[in-house]
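Written out below as structure tokens is the structure these notes cover.
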Amino acid sequence: MSRPILYTLHLSPPCRAVELTAKALGLDLEQKVVNLLTGDHLKPDYLKMNPQHTIPVLDDNGTIIPESHAIMIYLVSKYGKDDSLYSKEIVKQAKLNAALHFESGVLFARMRFLFEPILFRGSSEMPADRTEYIEKAYQLLEDTLVDDYVVGSTPTIADFSCISTISSLMGVIPLESTKYPKILAWVDRLKALPYYEEANGSGAIQLSSAVLASKEKNAAKASL
Ligand SMILES: N[C@@H](CCC(=O)N[C@@H](CS)C(=O)NCC(=O)O)C(=O)O
């Protein structure tokens, strides 16, 4: 059996969520970089693996799993020494699933609608309705954080998923400390994990910097 392969790009939030999970499990993944900018994800071999052409994808000795949330659940279920990162207890598991869907359907979706036009379609705008939707998403997370972590008092894959998006967004739409004290305290808790910076922190800063730089560049082009 060889190491599972993760098709990934460190800029991508869902890829970083999987990287955080692997680090928390002490699992050594072979990483293969998929460069979205040069179209690696649209090449025939990649499309055969994932017709939806998204990253991340996991190849565990021929078992192909697309989608970060599915990959995280698979990795914990297969390689976890215990179920602390994704509980087997059905009520807690239902809450974790709800948080994973919140990340996918709210946090990531809203981030994508803000970032993609700037990164890929030459926009220099952050439309007010889109930034408002981010603020509303921040508020939803703030209200969700009734404990130290998204679900309960220890880190889980729901935290890894949500922090991958929030840490990428907060460099572009800052989190005001008066409005979102619980989110900021939660971010600090996750930053204290020994593997946080390598698995998520640096990539999140790279992504938000790329969005801001792209916005400036697009604005300069538009004013020529
Ligand atoms: N819900 C998916 C989202 C994956 C996703 O949209 N990834 C982006 C990069 S952050 C991507 O691959 N975009 C390329 C495309 O959609 O063609 C997950 O969590 O894996």
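The values are calculated or read from the model by the stated rules, or taken from the named source; none is laboratory data. Quantities reported herein were computed from a predicted structural model and do not represent experimental measurements. Cβ sites come from the backbone with ideal geometry, for glycine too, and all protein chains shown count toward neighbours.
Search the range 173-224 for residues being modelled with pLDDT of 95 or more and basic (Lys, Arg), and hand back the single one that is nearest to SER123 (Cα to Cα).
LYS215
Could you please give the count of residues in the range 22-48 that are more than 12 Å from the ligand (Cβ to nearest atom), in a helix (DSSP H, G or I) and surrounded by 15 or more Cβ atoms within 10 Å (Cβ to Cβ)?
4
Looking at the range 50-69 only, could you name the residues that are more than 8 Å from the ligand (Cβ to nearest atom) and either modelled with pLDDT under 95 or surrounded by fewer than 15 Cβ atoms within 10 Å (Cβ to Cβ) (or both)?
Matches in the range 50-69: PRO51, ASN61, GLY62, THR63, ILE64.
Any residue at all in the range 78-92 that is assigned to a helix (DSSP H, G or I) and within 12 Å of the ligand (Cβ to nearest atom)?
No: the range 78-92 contains no residue that is assigned to a helix (DSSP H, G or I) and within 12 Å of the ligand (Cβ to nearest atom).
Cβ-Cβ under 7 Å, sequence separation 6+ or interchain: first residue in the range 19-41 and hydroxyl-bearing (Ser, Thr, Tyr), partner within 15 Å of the ligand (Cβ to nearest atom) and modelled with pLDDT of 95 or more. Which pairs?
If the second residue must be within 15 Å of the ligand (Cβ to nearest atom) and modelled with pLDDT of 95 or more, the pairs left are THR21/MET72; THR21/LEU75; THR21/ILE157; THR21/PHE160.
Output the number of the condition that ALA137 fails; it satisfies all remaining conditions of (1) assigned to a helix (DSSP H, G or I); (2) touching a residue at least 24 places away in the same chain (Cβ under 8 Å); (3) surrounded by fewer than 20 Cβ atoms within 10 Å (Cβ to Cβ).
Just one mismatch for ALA137, condition (3).
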